[in-house]
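The values are calculated or read from the model by the stated rules, or taken from the named source; none is laboratory data. Values in this document were obtained by computation on a predicted structure and should not be read as measured data. Neighbour counts are summed over all protein chains in view; Cβ atoms, including those assigned to glycine, are modelled from backbone coordinates with ideal geometry. Remember, those area values only see protein heavy atoms, side chains included, never the ligands or the DNA or RNA. Shrake-Rupley method; radii C 1.70, N 1.55, O 1.52, S 1.80 Å.
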Amino acid sequence: MSWIRSRSALWATIGVLVLALFVSRCAPSAPKGGAKQSAAGTSDMAVAAQKTYVAPGDLDEYYLFSSGGHSGQMYVYGVPSMRHLSTIPVFTPYPGTGYGFDDESKKMLGDLTWGDAHHPALSETKGDYDGRWLFINDMNGRIARIDLRDFKTKQIIGPIPNVSGNHGSAFVTPDTNYSVMASRFSIPIPKGTAVEIGKYATDYKGVITGIKVDPKSGEMSFGWQVLMPPFDYDLGDAGKLASDGFVFFTSYNTERATGKLEVTSTQRDRDYIAMVDWKLAEKSAAEGKGTLIGGVKVLTPKDIPGLVYLLPCGKSPHGVDVAPDGKWIVGSGKLQGVTTVFNFEKIQTAVKNKDFTGDEDGIPVLKYESIKDAEVPVGLGPLHTQFGPDGYAYTSLFVDSAIAKWKLGTWEVVDKIPMSYSIGHLTAAEGDTVNPDGKYLVGLNKLSHGRHLSVGPSQPESSQLVDISEEKMKLLYDAFTEPEPHYAQMVKADKIHPIEVYPKEENKHPMAIWDVKDAGVTRNGNKVLVKMVAVRSTLTPTDFEVKEGDEVTIAITNIEQTTDELHGLGILDYNINIVVDPGETKTVTFKAKKGVFPYYCTNFCSALHQEMQGYMIVR
Ligand code: K7E
Ligand code: CUA
């Protein structure tokens, strides 16, 4: 017996050694101040390594779409590998894909070449991700739509009048009827009016906007706007199932204060969650109600009973998140140790019974005690909540730097896991739909705390992958991400069906050509059109002449129909760098200056890629 015991012990030791070798290859240096690598710790890490290891050639199970914050971009990762797969430029030019250099994307960006993007919102059908579009907000009063068929930004709407600091955005309603906007900074409206700061409480206004989304094309247009008291509107979420038809926004600074807000806006015990009846807003706007401000019709809540109610919430709330069945609305006061759960049925009863404690500019304030179901003691600094499939909720705790797992209905906190370091948002697999998957959760942390090779003062952020498939949460992986993920969404990979070439028959560009014989220069006064073909390994024409001062438009078509065969057009000494995907046509327009200017293909495309070049001669 003792021999067997020692033999199994020997095998166990060998096993641990093999695992330790495996782990040490994956993580060459132990984290500074990290956990001591005991034998038990090592085997946990080996399990984690196995769970996140996606073998060469294998595919990830989920897409993670993460906001790039003030980089103005969207980052795409695979989960569980946490590998960065691509960057989708949205509000910022991106030479890698030629975004912001060709005529069309340049026009879409307009004068603003930066944007602070916070909250991606995947399009939904019946409250579930449908894999069609991805919306994202920009603080400059804009929302962008990315088409998930080709992962390209197709539309940027805004800056929308009257909205200042579009933070509470781009949340969508359960059938993507609307993507919403809410102003973080109240201002005197219409924009462009200047009023002294002393009149902030009365003359400054917040604005909530519904951006209508066409159900077929995804095209966004202005829907309606609601005039709000001068609070700072922060985060939003749309009601679903039980609470469908409403959208919720947290607000801070209900003190209507100015100056040092960290002091002046934290006087009251409670701020509010604004509950907007978007179906009533839609109906009222259709009936022509509202007043014209800044060129758009704005609805005033005191004139439209039932349009907006205010739910008192723990002071300075950040996130508001609606449970999968829509019955509960979770709001977290970030200066508290609890998160508050409101019961939508109780809210409706309170509305019916006019169970109000007062009003703000004619908007009824519901009685806190009548509408809340629980104050869940999650821990300090609760920010955002996501949901799992079994009635569990996961709340990020900024001050505690942890995630709390708790149960809807019993309100019991069942587990906690530390994050490294200072978690902001978190995202669970399909964790804000009517049908969460559980399985994985990613903590989007604000600081990385030296858990990586140093890259100087501008440190990456850390995103940590957590296993939520079992009772206890387990840390699986540290990924380091560029500044700065706020929110992200995780969608099952099989819901996304991207194309890899643009089919020739779909290319309706008026300047597209498909034969090198059609390539060449045509002149109309001082306007010159150069039709160009890109195909391995020639840019045709290989040279052309124009005159100094001409307005030159190059229309380039990549006539390839092969996956991955992209070509670029870089023109030296001009700020021109465009990329054409297989089957795509793009134009770029510029004024010709005298000299000889080589142009070349920027995307490595074949053995003779380097030969893919030509000359523009300007006389
Ligand atoms: Cu950083 Cu949603 Cu803009 Cu929270 S937000 S953390
Ligand atoms: Cu085409 Cu390189």
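The listed residues are PRO503, PRO483, and the only one of them that is away from ligand 2 (no atom under 16 Å from the Cβ), open to solvent by 10 Å² or more (accessible area, probe 1.4 Å) and at pLDDT below 95 turns out to be PRO483.
Checking the conditions here, which among VAL399, VAL414 is open to solvent by 40 Å² or more (accessible area, probe 1.4 Å) and either closer than 20 Å to MET490 by Cα or more than 15 Å from ligand 1 (Cβ to nearest atom) (or both)?
After ruling out the rest, the residue left standing is VAL414.
When ASP543, ASP550, ASP564 are checked against the criterion of being open to solvent by 30 Å² or more (accessible area, probe 1.4 Å) and either within 11 Å of ligand 2 (Cβ to nearest atom) or over 19 Å from LYS504 (Cα atoms) (or both), ASP543 stands alone in meeting it. Beta carbons closer than 8 Å, at least 6 apart along the sequence or on distinct chains, pair a first residue in segment 65-76 that is open to solvent by 10 Å² or more (accessible area, probe 1.4 Å) with a second that is part of a strand (DSSP E or B) for HIS70/ALA117; SER71/ALA117; GLN73/THR87; GLN73/ILE88; GLN73/PRO89; GLN73/TYR94; GLN73/ALA117. The residues of segment 267-284 that are out of contact with any helix residue (DSSP H, G or I) (no Cβ under 8 Å at 6 or more places or on another chain) and crowded, with 18+ Cβ neighbours inside 10 Å, listed by number, are ASP271, TYR272, ILE273, ALA274, VAL276, ASP277, TRP278, LEU280, ALA281, SER284. Against the criterion of being open to solvent by less than 50 Å² (accessible area, probe 1.4 Å), touching a strand residue (DSSP E or B) at 6+ places or on another chain (Cβ under 6 Å) and either within 16 Å of ligand 2 (Cβ to nearest atom) or among the aliphatic types (A, V, I, L, M) (or both), LEU122 qualifies.
Among the residues of segment 342-391, not one is in a strand (DSSP E or B), crowded, with 20+ Cβ neighbours inside 10 Å and more than 33 Å from the chain's Cα centre (by Cα). Which members of segment 104-133 meet the condition of being of a type in the set (A, V, I, L, M, F, W, C), away from ligand 1 (no atom under 16 Å from the Cβ) and under 15 Å from ALA488 (Cα atoms)? Once the filter is applied, which keeps residues that are of a type in the set (A, V, I, L, M, F, W, C), away from ligand 1 (no atom under 16 Å from the Cβ) and under 15 Å from ALA488 (Cα atoms), segment 104-133 yields only TRP133. Looking across segment 421-447 at every residue that is under 24 Å from GLY127 (Cβ atoms) and assigned to a loop (DSSP other than H, G, I, E, B), the one that is most open to solvent (accessible area, probe 1.4 Å) is identified as ASN435. Out of GLY409, GLY456, GLY450, I need the residue that is within 20 Å of GLY337 (Cα to Cα) and either surrounded by fewer than 21 Cβ atoms within 10 Å (Cβ to Cβ) or within 16 Å of ligand 1 (Cβ to nearest atom) (or both). Which one? From the options GLY409, GLY456, GLY450, the qualifying one is GLY409. Consider THR176 carefully, then state whether it is hydroxyl-bearing (Ser, Thr, Tyr), open to solvent by less than 10 Å² (accessible area, probe 1.4 Å) and part of a loop (DSSP other than H, G, I, E, B). Against the criterion (hydroxyl-bearing (Ser, Thr, Tyr), open to solvent by less than 10 Å² (accessible area, probe 1.4 Å) and part of a loop (DSSP other than H, G, I, E, B)), THR176 qualifies. When THR250, THR266, THR258 are screened for being closer than 22 Å to GLY337 by Cα, β-branched (Val, Ile, Thr) and out of contact with any His (no Cβ under 8 Å at 6 or more places or on another chain), only THR266 passes. A single member of MET511, MET532, MET616 is away from ligand 2 (no atom under 16 Å from the Cβ), touching a residue at least 12 places away in the same chain (Cβ under 8 Å), open to solvent by less than 40 Å² (accessible area, probe 1.4 Å) and under 23 Å from TYR99 (Cβ atoms), and it is MET616.
Taken together, the residues in segment 461-503 that are in a strand (DSSP E or B) and of a type outside the set (Lys, Arg) amount to 18. Summed over segment 567-611, the residues that are in a loop (DSSP other than H, G, I, E, B), in contact with a Gly (Cβ under 9 Å, 6 or more places away or on another chain) and open to solvent by less than 30 Å² (accessible area, probe 1.4 Å) give a count of 3. Criterion first (in a strand (DSSP E or B) and at pLDDT 95 or above) does THR395 satisfy it? For THR395, the condition - in a strand (DSSP E or B) and at pLDDT 95 or above - is met.
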